[in-house]
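A short write-up of the structure that comes next.
Readers should treat all values here as calculations from the given coordinates under stated rules, not as data from a laboratory. Worth saying up front: this structure is predicted, and the values here are computed from it rather than measured. As a convention, Cβ positions derive from the backbone with ideal geometry for all residues, glycine included, and neighbour counts pool all protein chains shown.
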Amino acid sequence: MMVCLSPCLFPGMGNGPVMLRIAFLKIFYQTVRKLDCKWLPKTSVTIREGLPVTTLEQTIADLVESNFDLSLIADMMAEAPSLDLQQLGELLSRLAARNGQAAGDGRALLERIRHRNVVGGN
């Protein structure tokens with residue numbers, strides 16, 4: 001059985017309910033029944049209330065990849081009890097160019113998102 005996860009918000013984070021999904025799928029005879037999933041490294045998955053979910057850093061990267069509103073992501077980051085900014089910068093690296101930063105510069109994208117919260121969403 002392969003477990004495939006998409007963004008899952010931690011309770012109490014962000015500005016309200018966000019409709020996201022967790023997809024658990026089984027491989028029968030080597031055929032994947034659902035195609036919109038990806039393999040994640042062990043460092044991107046944690047156990048929450050007995051279920052495997054993406055870490056907060058992976059969740060944020062997935063939300064950015066899904067073109068979620070960056071100001072809402074900034075709000076969620078501001079409320080996070082702890083964030084591994086190094087890991088988050090690495091996860092955002094592949095998304096930097098399409099978000100107006102130099103290719104591979106995840107740290108700049110991270111700072112842009114954090115700045116949106118400080119200055120009111122610009």
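One decimal place: the segment Lys42-Glu65 gains 6.3 nm when fully extended, by the rule 0.36 nm per residue minus the C-alpha distance.
When each of the peptides 67-80, 94-107 is scored by the mean number of other C-beta atoms lying within 10 Å of its residues, the order from highest to lowest reads 67-80, 94-107. The stretch between Glu49 and Ala80 holds 9.4 nm of extra length on full extension. This uses 0.36 nm per residue minus the Cα-Cα distance.
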